[in-house]
Each structure stands twice: as C-alpha cells, then as structure tokens.
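The values are calculated or read from the model by the stated rules, or taken from the named source; none is laboratory data. Only a predicted model underlies this, so the values are computations on that prediction, with no experimental measurement involved. A quick note on method: Cβ atoms are made from the backbone with ideal geometry, for glycine too, and the neighbour counts reach across all protein chains shown.
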Amino acid sequence: MSNPATGPGTRLRRIIDVVLVADVFLVLAGALFFAVAVVLHGQQLDAPLELFQRLWQPLFTPAIGLLMAAALLSGGLGWWQRRGQS
C-alpha cells in the first residue's frame, strides 16, 4: 500500500503549488518590468516598453489569468469545505 502523504494526489498538488509560486513571481517581475519600461519611456527610451507590449499577450496575460483562476478556485474550495463542516 502507498502512503497517502506521498501519493500521486499529494505529488500533483506539490507540482501545482510550485507552478503557482513561479507564476506569482512572473507576474510580479512583469509588473516591475512594466514600471521600469514606463519610466524609461518618459526618458525617450522606447525599446523596453515595446518589448513589454510584445510579451503582453503571449506571456503576461495567461500568467495573470492563471493567477486569478487559482485564487478563485482556492476561495471556492475553501468556501465549499467550510460549508460542508457546518
């Protein structure tokens, strides 16, 4: 028999947790990059903002969407668990 603490469900949850932590850092790095790019744009250096705009749709939009979906799912599951305990 396998130990439930090291079963496939626990392993999958750990992988998901690692992906979500990496996603949080990607979103934070994107926000910082955007802020720096806007400041540089004010100094007539347009290349960083143009790069950010090229990366927005394929990289940052899905990262933000994944983060929001995970937050909603986590909140929904927490609500469901509390509802079941009452």
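Does L73 fit the bill of being without any contact (Cβ under 8 Å) to a residue 12 or more places away in the chain, of a type outside the set (K, R), assigned to a helix (DSSP H, G or I) and farther than 15 Å from A22 by Cα? Taking the combined requirement at face value, the residue satisfies it. Of everything listed in (1) more than 16 Å from A69 (Cα to Cα); (2) surrounded by 14 or more Cβ atoms within 10 Å (Cβ to Cβ), the single unmet condition for D23 is (1). On the given criteria, is L45 modelled with pLDDT of 95 or more, in a helix (DSSP H, G or I) and surrounded by 10 or more Cβ atoms within 10 Å (Cβ to Cβ)? So L45 does not fit the description; no.
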